[in-house]
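Single-structure report; data block below.
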Amino acid sequence: GAWNTIAGNYIGTDAGGAVAKANGGNGVLFSGIANNNTTGGTDASAGNLIRFNTGDGVNVGATAWSNAVLGNAIADNGGQAIDLGTNGVQANDGFDMDGGANYGQNFPVITRAATTGALIEVAGTLNSVIGTTYRIEIFANPAADASGYGEARTFVGALAVTTDFAGAAAFSQ
């Protein structure tokens, strides 16, 4: 394992965040046996701004696992914001006990997103490994991504959920 941290950087953009300085591929790539790394973090200054790259914002290769992607602003890249493997969006599966990139971690499914004045309510579900606590991060974007799966332009907040005996967790914040 590697145990590296990539934090507080501008990847694919200038320091102002508006001018493209794109990589000719992924902004961040974990390949081979790149395990136990962190892109971003939970401190306010740890998140990276990852924009304008021609590939994915962050790509976790098929043999890389336990790589955390936390608190980053990821948008306007040619591929997915975060891609596990090289196949684009992969369907969620029951109990999430498969192998591959980051063990094929399921993504949360948003069932409601609404604003009331300055408040944003987001609700959804996560199906994954039984009895495990996960960090769900919430982001805002000015428009939906064409893929149907969101980008992560503006970090709004995070919450912890623990899956039950069926591997399910519901959340609302």
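Summarising the label geometry, the points placed 7 Å from Cα in the beta-carbon direction at S45 and N87 lie 4.1 nm from one another.
Rolling a 1.4 Å probe over the protein heavy atoms of the range 30-173, with every protein chain left in place, gives an accessible area that is 58 percent carbon and sulfur. The coefficient of translational diffusion for the chain, derived via Stokes-Einstein from the alpha carbon Kirkwood radius under 4 °C and 1.567 mPa s, stands at 78 µm²/s. Using all pairs of distinct alpha-carbon atoms, the Kirkwood hydrodynamic radius of the range 111-172 works out to 12.9 angstrom.
Counting only DSSP beta bridges whose two residues both lie in the range 1-122, roughly 25 percent are antiparallel. If the chain linking Y103 and V19 were pulled fully straight, counting 0.36 nm for each residue of separation and taking away their Cα-Cα distance, it would gain 26.8 nm. For the chain, the solvent-accessible area with a 1.4 angstrom probe is 52 square angstrom per residue.
Please state the shape class of the range 1-48: rounded when a/c is under 1.5, otherwise prolate if a/b exceeds b/c and oblate if not, all from the C-alpha gyration tensor. Judged from the Cα gyration tensor, the range 1-48 comes out oblate (a/c at least 1.5, b/c at or above a/b). Length gained on full extension, T125 to A166: 13.5 nm, using 0.36 nm per residue less the C-alpha separation.
The values are calculated or read from the model by the stated rules, or taken from the named source; none is laboratory data. Predicted model, so just to flag it, every value in this text is computed and none were measured. Reconstructed Cβ throughout: ideal geometry from the backbone, glycine too, with neighbour counts over all protein chains shown. Calculation scope for accessible area: heavy atoms of the full protein, side chains included, ligands and nucleic acids excluded. Shrake-Rupley method; radii C 1.70, N 1.55, O 1.52, S 1.80 Å.
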